[in-house]
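Asks: The structure is given below, and queries will be raised subsequently.
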Amino acid sequence: MSRVIHGLGEPMKLLRYGPKGREKPGLLDDDGAIRDLSKVVKDLGGDALSPAGLKKLKKLKPEKLKKVPGKPRLGMPVSPIGKLICVGLNYADHAAEAGAKIPEEPVLFVKTPNTYAGPNDRLVFPRGASKMDWEVELAIVMGRRARYVTKENALKYVAGYTICNDVSERAFQIERGGSQWIKGKFCDGFAPLGPWLVTADEVKDPQKLGLWCAVNGTRMQNGNTSTMIFDCAHLVSYISDFITLEPGDVIITGTPPGVGLGKKPPVFLNPGDVVTLGIDGMGTQTQTCVAPANR
């Protein structure tokens, strides 16, 4: 039986498919086939993710939409993204492995548009990278404009959720210039998103989701969103006190323990490694690590 929250109707998995820069909107039907949405919406961002936009999409009968043949590349499931806001140290056990104090308020930083990537795109190392790391995170996708919203009402502004790998280059982040996090966070391709956007009505409780990451088949991270320091509702409300959140904006909510930096001794990615990430009900994403074209 489908779960219905916020009056949005039937659950839906939205995605974007096709060559990079030429993706089309689509949805995943109950049989796992991609159905084309390009004659219904121009793309999956802004108005398409608003309550009215999702209501329109939920009235569709997937079997009447064109079935996409083969297995096309998947792009990030949201576009355009106005802002990608990141939350650091949001799991107490991850803060401990990083040797950091538990924050009294959410730690925020941003990722820029050059970081956006499809869920299975190659992860090309930046030149000089030596300590490449993984971070599986739940991503919140906004569906309504939010400014000064209360925690009690915050999730009503959410269109859905997806997976993000908050790729981090630890030498850039920690060792080069006073621990400026963004140096290790905003390199090209450092925010793979997807494979699809799970609408909010399909996520009964965003604080009861298992999430994990494996490298070359070895499980590195095992966590649950129940152990977040600041839950999803708190984050949406808190961030809306500082900046207006718009439909299509994305918030990534922090990573559980098990990152390479926290291993003893630390373990980092090498060219040829394969990183796989997953969250309950949200599918998986896989990236193959590639050396920079010009070292």
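The values are calculated or read from the model by the stated rules, or taken from the named source; none is laboratory data. Keep in mind that what you see is a predicted model, and the values were worked out from it rather than measured. Here Cβ is always computed from backbone atoms with ideal geometry, including for glycine, and neighbour counts include all displayed protein chains. Please note that ligands, DNA and RNA were not included when accessible areas were found on the heavy atoms of the full protein model with its side chains. Shrake-Rupley method; radii C 1.70, N 1.55, O 1.52, S 1.80 Å.
Asks: Can you spot a residue in region 123-130 that is farther than 25 Å from K264 by Cβ and surrounded by 14 or more Cβ atoms within 10 Å (Cβ to Cβ)?
Replies: Yes, there is a match, as at least one residue in region 123-130 is farther than 25 Å from K264 by Cβ and surrounded by 14 or more Cβ atoms within 10 Å (Cβ to Cβ).
Asks: Something else about it: Could you list all residues from region 262-295 that are surrounded by 16 or more Cβ atoms within 10 Å (Cβ to Cβ) and modelled with pLDDT under 95?
Replies: G262
Asks: Also: Would you confirm whether any residue within region 182-192 is open to solvent by 10 Å² or more (accessible area, probe 1.4 Å), in a loop (DSSP other than H, G, I, E, B) and among the β-branched types (V, I, T)?
Replies: The first filter runs over region 182-192 and keeps only residues open to solvent by 10 Å² or more (accessible area, probe 1.4 Å), leaving 182-183, 186-189.
Among the residues that remain, those that are also in a loop (DSSP other than H, G, I, E, B) are: 186-189.
After this cut, where a residue has to be among the β-branched types (V, I, T) as well, the list is none.
No, the conditions are met nowhere in region 182-192.
Asks: Of the residues D31, D43, which single one is open to solvent by 20 Å² or more (accessible area, probe 1.4 Å), touching a residue at least 24 places away in the same chain (Cβ under 8 Å) and at negative phi? Break it down into steps so the answer makes sense when it comes.
Replies: Values: D31 fails: touching a residue at least 24 places away in the same chain (Cβ under 8 Å).
Selected residue: D43, the only one of D31, D43 that is open to solvent by 20 Å² or more (accessible area, probe 1.4 Å), touching a residue at least 24 places away in the same chain (Cβ under 8 Å) and at negative phi.
Asks: Let me ask you something else. So, of the residues in region 229-244 that are of a type in the set (A, V, I, L, M) and open to solvent by less than 20 Å² (accessible area, probe 1.4 Å), which turns out to be nearest to L89 (Cα to Cα)? Full working, then the answer.
Replies: Taking region 229-244 first, the residues of a type in the set (A, V, I, L, M) are 229, 233, 235-236, 239, 243.
Next, only the ones that are open to solvent by less than 20 Å² (accessible area, probe 1.4 Å) stay: 233, 235-236, 239.
Working: A233: 17, L235: 13, V236: 16, I239: 15 Å.
That would be L235.
Asks: Would you mind finding the one in N114, N120 that is more than 25 Å from D241 (Cα to Cα), open to solvent by 60 Å² or more (accessible area, probe 1.4 Å) and touching a Ser or Thr at 6+ places or on another chain (Cβ under 7 Å)?
Replies: Matching residue, one of N114, N120: N120.
Asks: Here is a follow-up. Is it true that P195 is open to solvent by less than 10 Å² (accessible area, probe 1.4 Å) and either at pLDDT 95 or above or among the hydroxyl-bearing types (S, T, Y) (or both)? Before the answer, list the steps.
Replies: Values: open to solvent by less than 10 Å² (accessible area, probe 1.4 Å): yes; either at pLDDT 95 or above or among the hydroxyl-bearing types (S, T, Y) (or both): yes.
Yes.
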